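The values are calculated or read from the model by the stated rules, or taken from the named source; none is laboratory data. Everything numeric in this text was worked out from a predicted model, so none of it was measured. No Cβ is skipped: glycine too gets one built from the backbone with ideal geometry, and neighbour counts run over all protein chains shown. Note: accessible area is taken over every heavy atom of the protein model, side chains too, but ligands, DNA and RNA are not part of it. Shrake-Rupley method; radii C 1.70, N 1.55, O 1.52, S 1.80 Å.
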Amino acid sequence: MGVSNNITAVLNFIALLCSIPIIASGIWLASKPDNECIHLLRWPVVILGVLILLVSLCGFLGAYWYKETLLAFYLCCMAILIALLLIVLILAFVVTKPDGSYGVPGRGYREYRLDGFSSWLKDHVVDPKSWNKIRACLADTDVCPRLNQEYVTADQFFVTHISPLQACCDLVFIVLQSGCCKPPTACGYSYVNPTLWVNPVNPTVDPDCFLWNNDQSQLCYNCNSCKAGLLGNLRNEWRKANIILIVAVVVLIWVYVIACSAFKNAQTEDLFRRYKQGWA
């Protein structure tokens, strides 16, 4: 096996290794309770990672045994996969750039406005056709009951950092709580426990204030704040995953460019060898 083929094989092995964090980040996203309820966004990263792994394996075998067909297949498919990964990455950055969160005076958590997020997310995630299924899915999880297990007094609850979808700073279970399990702070409800609140005498004009229901199967799952909390959590998760995807795509592009050069050198070496054999 020539020097160029050795280089190509090593590069394909690196590309194969790059597919592992891509698959891992995709599985991490897909395993989140909110993504389990949104099938549109669950598996694209995992699928791309698996395809990159398979194509890289083909490239490695093609370089090891010097099968030009496999190498050409690798170069063609990898270019397509890198382009698709870039599209996913750019789309994720664009649609997660707007942030609908805002601080609440005297509270350790943030709340969320639906109109603060991108139109694409709202159209593809919380449109009326999709929300009924998503709402039912979220209501079947232990999203809100977890709050009652973790917080007893109002002081504990109000000073705690609540993520878009979770009340505690647990990085493993991120679930809808800030937007779905309690009424918006502006409504003026009185705290009894994290999922039980007393109606104010004069609620504000915010429609969510009238949608809140102490029924544990209803709560604020129909509220815009719940939809916004879901989008806020998706935004946070995707922006974390994007860090891994950026590193992976940079390495893949670097590997691909060098692999193209090595493939051309290997073809030149082969032509030169055949030329020498013809004169021998």
- Query: Hey, any hits in the range 221-238 for a residue that's part of a helix (DSSP H, G or I), open to solvent by less than 60 Å² (accessible area, probe 1.4 Å) and of a type in the set (Ser, Thr, Tyr)?
  - Reply: yes
**Prompt:** Given the structure, is residue 52 in contact with a Ser or Thr (Cβ under 9 Å, 6 or more places away or on another chain), part of a helix (DSSP H, G or I) and either modelled with pLDDT of 85 or more or surrounded by 14 or more Cβ atoms within 10 Å (Cβ to Cβ) (or both)?
**Reply:** yes
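Is it the case that residue 74 is of a type outside the set (Lys, Arg), at positive phi and surrounded by 15 or more Cβ atoms within 10 Å (Cβ to Cβ)? It would help to see each step written out before you state the result.
Details: of a type outside the set (Lys, Arg): yes; at positive phi: no; surrounded by 15 or more Cβ atoms within 10 Å (Cβ to Cβ): yes.
Here the answer is no, as residue 74 does not meet what is asked.
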Report yes if residue 83 is in contact with a helix residue (DSSP H, G or I) (Cβ under 9 Å, 6 or more places away or on another chain) and assigned to a helix (DSSP H, G or I), otherwise no.
no
Scanning the range 22-42 for residues that are surrounded by fewer than 16 Cβ atoms within 10 Å (Cβ to Cβ) and not β-branched (Val, Ile, Thr), the one modelled with the lowest pLDDT turns out to be 40
So, first residue within 15 Å of residue 194 (Cβ to Cβ) in the range 205-222, second residue of a type in the set (Asp, Glu), Cβ within less than 8 Å, six or more apart or across chains; the pairs are 220/208
Of the residues in the range 194-220 that are hydrophobic (A, V, I, L, M, F, W, C) and open to solvent by 70 Å² or more (accessible area, probe 1.4 Å), the one that is nearest to residue 32 (Cα to Cα) is 211
Among the residues of the range 55-71, the number that are part of a helix (DSSP H, G or I) and open to solvent by 30 Å² or more (accessible area, probe 1.4 Å) is 8
Over the range 123-140, the set of residues surrounded by fewer than 19 Cβ atoms within 10 Å (Cβ to Cβ) and touching an Asp or Glu at 6+ places or on another chain (Cβ under 9 Å) is 137
